[in-house]
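Undergrad: First, the structure itself, so that you have it in front of you.
The values are calculated or read from the model by the stated rules, or taken from the named source; none is laboratory data. A quick note: this is a predicted structure, and the numbers were derived from the prediction, not measured. For neighbour counting, all protein chains shown are included, and Cβ atoms are generated from backbone atoms with ideal geometry for every residue, glycine included.
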Amino acid sequence: MTFHLPAGQAPGGPYVVDITPERAGWGCSSLRVLQLPPGGTHTFDTGDSEWIVLPLRGGCTVTSADDAGRETFALHGRADVFSAVSDFAYVPRDARTTVTSAGGGRFALTGARCARRLPARYGPAASVPVELRGAGNCSRQVNNFGAAGVFACDKLIAVEVLTPGGNWSSFPPHKHDEHRPGEESALEEIYYFEFAAHDGTPGLGYQRVSPSGPGRETDVLAEVRDGDVVLIPDGWHGPSMAVPGHHMYYLNVMAGPGAERAWLICDHPGHAWIRDTWPDQPVDPRLPLCTAPETSV
């Protein structure tokens, strides 16, 4: 199994990235990245999965239709992932969804197989909690647009992480590959990366995943660039390292078989102590790299 998929190695049909449960070899999580030209449109059936349509670059209109009716949402979007927190649209399973973009752009479709059919909804950027996590050179920003306890889904959990150049993110290494009620969730995870360029030089970073025990032996040390994907069925994941001078973005998509939709993690016992150092350090003053608007637009 290949867990690091460089840009261009995971396309499918109209998508520049098309990670299905079958392709990943697991049961729940999906990610598609859709590129549309100005005036472009794309229609897909949601099937047995719920989806959040998240603009990465540009804006779009999202329409969700089924036998009961039709809902349409205009997404303002953003210039790029480093410039703003974006609004988004949730579309349920068993619906037909159309994404149309007058100006063109790039759009992430984060998905998870689910049992319940929830209503289609609009998520305003102003409602996205922006969290500054960690301290010192472990400082990063988390845009919790689809986090458990923030936005209602059946199975899907999705967040964005912005890491200033030179910082370490997803640290201490942590895992969520066992079902331990109240302590740890079993969640499959997808990382999708983008980087800020500098004077025309593309950015890059590094992603580590290490085995967490017998039968959970995912092992990755990858140089990651714009459009790369890393699949994490199990294992300690982290650090995610941004090289100096280039901010790093990654989109996390998670889902699992458990009845409770929760992000419960276990820190690596050899590195968990690093959290205890954060209260004595300032948060990186470059953060937040962007903020959510105070009111909906």
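Undergrad: Can you tell me which condition Trp168 does not meet? The list is (1) within 25 Å of Ala135 (Cα to Cα); (2) of a type outside the set (Gly, Ala, Ser); (3) buried (at least 24 other Cβ atoms within 10 Å of the Cβ), and all the others hold.
TA: So Trp168 meets the others, but not (3).
Undergrad: Can you tell me how many residues within segment 27-43 are buried (at least 18 other Cβ atoms within 10 Å of the Cβ), within 28 Å of Ser210 (Cα to Cα) and not aliphatic (A, V, I, L, M)?
TA: Number satisfying all stated conditions: 4.
Undergrad: Say we look at segment 1-14 and pick out the residues that are part of a strand (DSSP E or B) and either among the hydrophobic types (A, V, I, L, M, F, W, C) or without any contact (Cβ under 8 Å) to a residue 24 or more places away in the chain (or both); which of these is farthest from Asp154 (Cα to Cα)?
TA: Result: Leu5.
Undergrad: With over 18 Å from the mean Cα position of the chain (by Cα) and either without any contact (Cβ under 8 Å) to a residue 60 or more places away in the chain or on the phi < 0 side of the Ramachandran plot (or both) as the only criterion, which of Arg225, Arg261, Arg286 stands out?
TA: Numbers: Arg225 fails: over 18 Å from the mean Cα position of the chain (by Cα); Arg261 fails: over 18 Å from the mean Cα position of the chain (by Cα).
It is Arg286.
Undergrad: Got at least one residue in segment 123-139 being of a type in the set (Asp, Glu) and either surrounded by fewer than 20 Cβ atoms within 10 Å (Cβ to Cβ) or over 15 Å from the mean Cα position of the chain (by Cα) (or both)?
TA: Checking segment 123-139: at least one residue is of a type in the set (Asp, Glu) and either surrounded by fewer than 20 Cβ atoms within 10 Å (Cβ to Cβ) or over 15 Å from the mean Cα position of the chain (by Cα) (or both).
Undergrad: Right, another one. Mind listing whichever residues of segment 171-192 are among the hydrophobic types (A, V, I, L, M, F, W, C) and either surrounded by fewer than 21 Cβ atoms within 10 Å (Cβ to Cβ) or under 26 Å from Val16 (Cβ atoms) (or both)?
TA: Within segment 171-192, Ala186, Leu187, Ile190 qualify.
Undergrad: Any idea which residue in segment 194-217 is modelled with the lowest pLDDT, counting only those that are farther than 19 Å from Thr2 by Cβ and assigned to a strand (DSSP E or B)?
TA: The selected residue is Gly213.
Undergrad: Where the second residue is assigned to a strand (DSSP E or B) and of a type in the set (Lys, Arg) and the first is closer than 30 Å to Arg286 by Cα and lies in segment 159-184, which pairs have Cβ atoms under 6 Å and are six or more apart or on separate chains?
TA: Pairs found: Val161/Arg140; Thr163/Arg140; Ser169/Arg140.
Undergrad: May I pose another question? Would you please list the contacts, defined by Cβ atoms under 7 Å and residues six or more apart or on different chains, that run from a residue in segment 63-91 that is free of Cβ contacts under 8 Å to residues at least 60 places away in the same chain to a residue that is acidic (Asp, Glu) and assigned to a loop (DSSP other than H, G, I, E, B)?
TA: Asp66/Asp94; Leu75/Asp87
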